[in-house]
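This report concerns only the one structure given below.
The values are calculated or read from the model by the stated rules, or taken from the named source; none is laboratory data. For clarity, every value in this text was computed on a predicted model and none was experimentally measured. Methodologically, a virtual Cβ is constructed for each residue, glycine included, from the backbone with ideal geometry; neighbour enumeration extends over all protein chains shown. SASA here: full protein model, heavy atoms, side chains in, ligands and nucleic acids out. Shrake-Rupley method; radii C 1.70, N 1.55, O 1.52, S 1.80 Å.
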Amino acid sequence: MGNAGTAVLIRPVEAGDVESWLNLVNQFRYWQDDVEALRFDDSLRPADEPILRLGAWTPDGALIGVAEAALSEDGSRYENRASALVGVAPADRRRGLGTRLADAVGAFASSNDLRWVEAEVREANLPVSLPFVRHRGYVELERYRTSVQTPSAIGLTRLATLQARLEGEGIELVAFPAIDSPQARDELYRLTMQIWRDMPHEPHVGWEDPSPESFNRTIFERPSVLLDGFFVARDGDRMVGLSYLARRPDGDAEVGDTGVLRDYRRRGIARALKMMVTRYAADRGIRRVHTDNRADNAGMLAINRELGFVPGEEIVIFEKTLAP
């Protein structure tokens with residue numbers, strides 16, 4: 001192929017490139033995207049919000065490298081940071097292409113006056129990626145443990161007993177569509193924002209809450225969300241917990257969020273919600289359900305093991321601090 005430094009063209013991704021670009025991106029990212037999901041995500045961004053998407057093409061038109069840097073996710077703007085990805089096809093590594101793509105990500109971050117850039121690396125890619133990211137000044141920020149469940153294989157005989165006990169304590173478990181209303185959506189927004197803030201994260205990692213309008217779109221308009229598989233726990237009119245599924249491009253499903261307000265934990269609410277999600281998936285013939293949790297979130301990891309989630313690879317998040 002020749003020297004990748006001169007023979008490969010790096011340029012922004014155009015509309016006709018998106019499908020092939022995503023096919024390569026999905027080799028480096030655990031959570032998969034398709035064209036429909038990408039376009040929906042972009043619709044949540046303000047029109048003037050910059051985003052970097054690059055591809056690297058050989059002279060004969062083969063896509064061999066990708067890069068992305070985004071300032072927001074699901075309508076939520078990161079505080080002073082970008083989330084980035086750089087990937088090069090295995091046969092085309094060690095030719096300087098990764099460096100060129102990473103330099104483009106760094107230039108994007110600098111041009112937007114950012115303080116940090118974070119990058120996701122799948123565990124299987126660590127042997128190749130670790131020397132590269134360390135050389136460029138990245139350090140490990142956090143790890144997430146992925147897990148996969150086969151819903152049809154999970155026994156749920158305890159769900160009825162657990163649900164009855166919770167009802168006796170005043171906790172109702174219900175599918176959100178059964179109670180959907182403007183007031184319920186407002187309550188769901190408040191609950192989700194509290195759960196997000198309470199999830200394990202590093203103190204200096206911040207974000208802006210999405211607007212209620214953007215949040216509602218991510219739940220009620222996102223094509224992948226299985227809304228009839230969205231379950232909430234209520235104490236009277238107050239929502240105190242949630243769990244739901246989203247469809248993956250490969251036909252499997254993934255857990256969107258599972259969380260319970262701090263004052264309501266250790267009562268079995270999260271376990272019951274995940275059991276209801278599991279029953280929903282089994283009833284609809286969903287072959288596998290994927291999830292991930294921060295590696296130090298011992299409580300949720302224990303619930304996952306009880307519900308048959310088999311631990312898989314880790315996702316490692318690296319962070320680079322840029323010069324002020």
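Taking the stretch 183-260, how much of its Cα-Cα pair set, in percent, is spaced more than 20 angstrom apart?
That tail contains 35 percent of the Cα-Cα pairs.
Starting from the Cα of residue 164, step 7 Å along the direction of its Cβ; do the same at residue 35; then give the gap between the two resulting points in nm.
Placing both labels 7 Å along Cα→Cβ, they lie 5.2 nm apart.
Not counting the cut sites, what is the longest span of the chain without trypsin sites (Lys or Arg not before Pro) that DSSP labels loop and that have at most 11 other Cβ atoms within 10 Å?
The answer is 95-265.
If each residue of separation counts as 0.36 nm, what is the full-extension length gain between residue 73 and residue 198 once their alpha-carbon separation is subtracted?
Net length gain for the segment: 43.2 nm.
Could you go through the stretch 84-94 in sequence order and give the Karplus-derived ³J(HN,Hα) for each residue, using 6.51 cos²θ - 1.76 cosθ + 1.60 with θ = phi - 60°, rounded to whole Hz, and x for Gly and Pro?
10, 8, 10, x, 10, 4, x, 6, 10, 7, 6
What list of ³J(HN,Hα) couplings, whole Hz, do you get for the stretch 194-211 from phi and the Karplus terms 6.51, -1.76, 1.60, once you set θ to phi - 60° and write x for glycine and proline?
Once rounded to whole Hz, the list reads 5, 5, 4, 5, 8, 6, x, 7, 6, x, 8, 8, x, 7, 8, 4, x, 5.
Using each residue's phi in the stretch 38-44, evaluate 6.51 cos²θ - 1.76 cosθ + 1.60 at θ = phi - 60° and report the 3J(HN,Hα) Karplus result to the nearest Hz, with x for Gly and Pro.
Once θ is set to phi - 60°, the couplings for the stretch 38-44 become 4, 5, 5, 4, 5, 5, 7 Hz.
Which residues does a label at residue 111 reach in the stretch 51-74, if reach means a backbone N under 15 Å from a point 7 Å past the Cα toward the Cβ?
51-55, 67-71, by backbone N distance to the label point.
If the viscosity is 1.002 mPa s and the temperature 20 °C, what translational diffusion coefficient in µm²/s does Stokes-Einstein give for the stretch 117-194 when Rh comes from Kirkwood over Cα pairs?
120 µm²/s
Leaving out ligands and nucleic acids, note down the accessible area per residue over the stretch 38-82 with a 1.4 angstrom probe, in whole Å². Don't skip to the answer; put the middle values down first.
Numbers: 1860 Å² over 45 residues.
That works out to 41 Å² per residue.
Translational diffusion coefficient, Stokes-Einstein: compute it for the chain using the Kirkwood radius over C-alpha pairs as Rh, at 4 °C and 1.567 mPa s, and state it as an integer in µm² s⁻¹. If you can, show how the numbers build up before the last one.
Numbers: Rh = 21.2 Å.
The Stokes-Einstein estimate is 61 µm²/s.
Once R0 is set to 41 Å, what does the formula 1/(1 + (r/R0)^6) return for the Cβ-Cβ distance between residue 265 and residue 7, expressed as a FRET efficiency to the nearest 0.05?
The pair residue 265/residue 7 has a calculated efficiency of 0.15.
Gaussian network model of the chain, Cα springs within a sub-10 Å range: biggest mean-square fluctuation belongs to which of 86, 277, 128?
128
In nm, to one decimal, how far is the modelled label at residue 14 from the one at residue 178, with both set 7 Å along Cα→Cβ?
5.2 nm
Separation between the residue 157 and residue 23 pseudo-spin-labels, each 7 Å from Cα along Cα→Cβ, expressed in nm?
4.8 nm
For a distance above 24 Å, tell me the whole-number percent of Cα pairs in the stretch 212-324 that qualify.
The share of Cα pairs beyond 24 Å in the stretch 212-324 comes to 33 percent.
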